[in-house]
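Quick notes on the structure that follows.
The values are calculated or read from the model by the stated rules, or taken from the named source; none is laboratory data. Here the structure is a predicted model, which is why all the values come from computation and not from measurement. Neighbour counts are summed over all protein chains in view; Cβ atoms, including those assigned to glycine, are modelled from backbone coordinates with ideal geometry. The area values use the complete protein model at the heavy-atom level, side chains included, leaving out ligands, DNA and RNA. Shrake-Rupley method; radii C 1.70, N 1.55, O 1.52, S 1.80 Å.
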Amino acid sequence: MRGLSADEAFRIELEPHRRAITLHCYRMLGSLEEAEEMAQESLLRAWQRLDERRSTGSTRAWLYKIA
């Protein structure tokens, strides 16, 4: 995204998926607190693997795979 830092562009791209990823983690873990923590860890891993995202199709599917 033009004119944005990499951090801002990443946040704007992934923020709409945060709730869905948290819900996905909740279904796996059964605890909202643990799900929120896992979702945060998943977003951190996504940031670390951002180059991989460029070669895949769906952002949401990519995030689910990481979670």
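For the chain, the solvent-accessible area works out to 71 Å² per residue, with a probe of 1.4 Å and every protein chain left in place. Along segment 42-48 the Karplus relation, 6.51 cos²θ - 1.76 cosθ + 1.60 evaluated at θ = phi - 60°, assigns HN-Hα couplings of 5, 5, 5, 5, 4, 4, 5 Hz to successive residues, with x for each Gly and Pro.
Counting only Cα atoms, the size of the chain along its three principal axes is 39, 20, 18 Å, in decreasing order. Residue by residue, segment 4-14 carries 3J(HN,Hα) couplings of 10, 6, 4, 4, 5, 5, 4, 4, 5, 5, 9 Hz when phi is fed to the Karplus relation 6.51 cos²θ - 1.76 cosθ + 1.60 (θ = phi - 60°); x denotes Gly or Pro. For the chain, the share of accessible area belonging to carbon and sulfur comes to 50 percent (1.4 Å probe, ligands and nucleic acids excluded). Computing FRET efficiency as 1/(1 + (r/R0)^6) for residue 27 and residue 60, where r is the C-beta to C-beta distance and R0 is 22 Å, gives about 0.90.
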